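Only the coordinates and a few stated rules stand behind these numbers; no lab work does. Only a predicted model underlies this, so the values are computations on that prediction, with no experimental measurement involved. A quick note on method: Cβ atoms are made from the backbone with ideal geometry, for glycine too, and the neighbour counts reach across all protein chains shown.
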Amino acid sequence: MARKISYQQAINEALAQEMRRDQSVFIIGQDVSGGTGSPGEQDAWGGVLGVTKGLYPEFPERVLDAPLSEVGYVGMAVGAATRGMRPVCELMFVDFIGCCLDQLLNQAAKFRYMFGGKTTTPLVIRAMYGAGLRAAAQHSQMLTSMWTHIPGLKVVCPATPYDAKGMLIQAIRDNDPVIFLEHKMLYSLQGEVPEELYTVPFGEANFVREGRDVTLVTYGRMVHIALEAAANLARQDIDCEVLDLRTTSPLDEDSILESVEKTGRLVVIDESNPRCSIATDISALVAQRAFAALRAPIEMVTAPHTPVPFSDALEDLYIPDAAKIEAAVLKIADKRNAA
Amino acid sequence: MIHTLTMPKWGLSMTEGRIDIWLKQPGDRVEKGEAVLDVETDKISSSVEAPFSGVLRRVLALSDETLPVGALLGVVVEGEASDAEIDAVIEGFQAGFVSNAAEAETAGPSAQKVEVGGRLLRYLDLGEGGTPLVLVHGFGGDLNNWLFNQPALAAERRVIALDLPGHGESGKTLRSGEAAELSEAVLGLLDHLQLDRVHLAGHSMGGLVALTVAEQAPARVVSLTLIASAGLGADINGDYLQGFADANNRNALKPQLVQLFSDPALVTRQMLEDMLKFKRLEGVDQALRQLNGVLFDGGRQKVDVRHVVGRQPSLVIWGSDDAIIPANHAQGLEAQVEILPGQGHMVQLEAAEQVNQLMLAFLKRH
């Protein structure tokens, strides 16, 4: 598997290959093409950061620029999904959820349940999330815990180009509404990606590093920060296992428990705000189901309970970094190797 | 003569390795082909063999240290050399290596793809000269199954390893799923590469494929090396084949893969993840089920080509503890038969050094 492409290209390729394979797949969102219907250049934008660039010329009838009304076009996509289409609806920034929450919370997420399984809603909501791009408080949030809280939605946060392609294809083929979250700081990340179609199943965490001493559980961009911390800690003879959740709903509880039962120590790393978060959720899971295995208190490394700051210096402080993860690990690590 | 011993590159994706343990100490004599140290990668661990004989004079990498491919591990001196001369070689190497470090990932051999008979085939072509050798992997494998063999064998001749149809990065769609379809793909690649006569080596199902090539085109096969080969008897571990075909997650796959090795610790999470990456590709599931059904339905091998053995000089290698295809299939073959005690099905990976020596000596004679 020698070919390397970026996270952004992997998403673009998954969309193109699935649209070629299945006529019912279409893309709708703001500026997903850019310029549609106007006398100017078509495909001028290809999404606000160019992720869907090049798709409009190949599929002019299936890449639809939407008006600036999430409640309108997200609702349209939900309806289309119930009628046999497979819409990939781009919310641009996940922060815009507030403009269309009912369409997802009360409609898409509930249909299968309320209609007794007689209807499915094969909808994908693609959205950028996460801090680091100096995009301020309204364009930098995580909100993973909000989505994860809602039964009926699946929540996917790929950390690598390989997972981005395979999990987006899985999301498109899935018969339930899937919230597909793309970390904007990962778009340029390069990685090996097969040219062929493949799917990465939901609910299977990935052991991205094996270790004996401490389990680091995380997802999304923080996988890379956790790996950086693990590499630094290895030099101090602390061997960390790093678990990438891949999806927060469904959640691979078994892999989390399996790892903590081995190491007896847990640090959960979550870029989102700390209250009612993935970090607290996993801490509760482990406290409840693997308490006897724990040999130290559970540590959480998260953003603070504040909006994402616009100041560069403050935003850098806000985002969990390797130093914070290392400090948390050192607090609970076995000092057996200390001189 | 001062030789530098460097971090090897095993397979296409290795970029670094961790020193596990030095098997030789400074001052020890090492013979060409002898294991000097053990190195572990995220995929597999194995011994680094000395490419030359001499005395190990310097050890420059510590146990547990992780170093990039090509990094200096030690210095072996053939004959005499002063410490100052050795220091100069080390200094020169390190100065040159810094500038090459960034290229380590892109350097090294890379596989090629060609369309043969309407289907993409991937192959890795190493070495030059001599009568070429073609390596054919087994069921569910790919050309990386030869990662410890191909470079060593390529020191003396051109060696080509391919991905069979349905496997690796070759096209996944099979027509009949018969052995003849796979052997025709091998012959198609030989035609494309304009190779008239070759040595063939096959592992497991790849042995059956090699035997089928030898049956279809005997004039093109100079010799056969059959490693834990299918096609030589009825027995095969049907539970493994079914379990492997069915497994779609780490926990289901692990108990299957450990049956392939004598040392279960070799089955790392990375190995499992890499195998899952292959199994997730569109078309793989169907190809594996098709081959399993056509060639090994119900745990009995359907194709027996024992009669082909002996028409060409043949080397048969088996691990005595093979849990997939029993070593007693080697009995009574008109061939040089080598049973390696304590070894499992992936004997060419686990006992690479022994297999390489046997193959090099055998190929030299034919």
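Has the range A:96-110 got at least one residue that is in contact with a helix residue (DSSP H, G or I) (Cβ under 7 Å, 6 or more places away or on another chain), of a type in the set (Gly, Ala, Ser) and on the phi > 0 side of the Ramachandran plot?
No: the range A:96-110 contains no residue that is in contact with a helix residue (DSSP H, G or I) (Cβ under 7 Å, 6 or more places away or on another chain), of a type in the set (Gly, Ala, Ser) and on the phi > 0 side of the Ramachandran plot.
Can you tell me which residue in the range A:98-123 is surrounded by the most Cβ atoms within 10 Å (Cβ to Cβ), limited to those that are charged (D, E, K, R) and closer than 27 Å to residue A:68 by Cα?
So, considering only residues that are charged (D, E, K, R) and closer than 27 Å to residue A:68 by Cα, the one surrounded by the most Cβ atoms within 10 Å (Cβ to Cβ) is A:110.
Looking at A:242, A:223, A:208, A:200, can you tell me which residue is closer than 17 Å to residue A:328 by Cβ, free of Cβ contacts under 8 Å to residues at least 60 places away in the same chain and within 18 Å of the chain's Cα centre (by Cα)?
A:242
Specify the residue that is nearest to the other protein chains (Cβ to nearest Cβ); the eligible residues are those in the range B:280-320 that are without any contact (Cβ under 8 Å) to a residue 40 or more places away in the chain and basic (Lys, Arg). Spell out the reasoning first.
So the first thing to find is which residues in the range B:280-320 are without any contact (Cβ under 8 Å) to a residue 40 or more places away in the chain, and the list is B:280, B:297, B:302, B:307, B:310, B:320.
Next, only the ones that are basic (Lys, Arg) stay: B:280, B:302.
On the way: B:280: 4, B:302: 29 Å.
For the range B:280-320, the residue satisfying everything is B:280.
Can you say whether residue A:134 is part of a strand (DSSP E or B), within 22 Å of residue A:93 (Cβ to Cβ) and either in contact with a Gly (Cβ under 8 Å, 6 or more places away or on another chain) or charged (D, E, K, R) (or both), as far as the supplied structure shows?
The answer is no for residue A:134.
Filter the range B:244-275 down to the residues that are buried (at least 20 other Cβ atoms within 10 Å of the Cβ), closer than 21 Å to residue A:191 by Cα and within 12 Å of another protein chain (Cβ to nearest Cβ) and list them by number.
The one that is buried (at least 20 other Cβ atoms within 10 Å of the Cβ), closer than 21 Å to residue A:191 by Cα and within 12 Å of another protein chain (Cβ to nearest Cβ): B:272.
Do we find a residue being away from chain B (no Cβ under 14 Å), out of contact with any helix residue (DSSP H, G or I) (no Cβ under 8 Å at 6 or more places or on another chain) and not polar (S, T, N, Q) anywhere in the range A:9-31?
yes
Within the range A:23-117, considering only helices (runs of 4 or more DSSP H) that don't extend past its boundaries, which have at least 2 residues that are over 27 Å from residue A:142 (Cβ atoms)? I'd like the intermediate steps shown before the answer.
Details: elements: A:55-58, A:70-82, A:111-114.
In the range A:23-117, the matching helices (runs of 4 or more DSSP H) lie at A:55-58, A:70-82.
Listed here are the residues, each with its yes/no results for (1) under 21 Å from the mean Cα position of the chain (by Cα); (2) more than 20 Å from residue B:362 (Cβ to Cβ).
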| site | (1), (2) |
| --- | --- |
| B:161 | yes, no |
| B:176 | no, yes |
| B:183 | yes, yes |
| B:190 | yes, yes |
| B:194 | no, yes |
| B:212 | yes, yes |
| B:215 | no, yes |
| B:221 | yes, no |
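Just the residues that are part of a loop (DSSP other than H, G, I, E, B) and acidic (Asp, Glu), please, taken from the range B:330-347. Spell out how you get there, then give the answer.
Kept after step one, since they are part of a loop (DSSP other than H, G, I, E, B), are these residues of the range B:330-347: B:331-335, B:341-346.
The answer is B:334, and nothing else.
What do you reckon, is residue B:50 touching a residue at least 24 places away in the same chain (Cβ under 8 Å), crowded, with 19+ Cβ neighbours inside 10 Å and either aliphatic (A, V, I, L, M) or within 14 Å of chain A (Cβ to nearest Cβ) (or both)?
Spelling it out, residue B:50 is indeed touching a residue at least 24 places away in the same chain (Cβ under 8 Å), crowded, with 19+ Cβ neighbours inside 10 Å and either aliphatic (A, V, I, L, M) or within 14 Å of chain A (Cβ to nearest Cβ) (or both).
In the range B:220-236, which residue that is assigned to a loop (DSSP other than H, G, I, E, B) and in contact with a helix residue (DSSP H, G or I) (Cβ under 7 Å, 6 or more places away or on another chain) is farthest from residue B:352 (Cα to Cα)?
B:233
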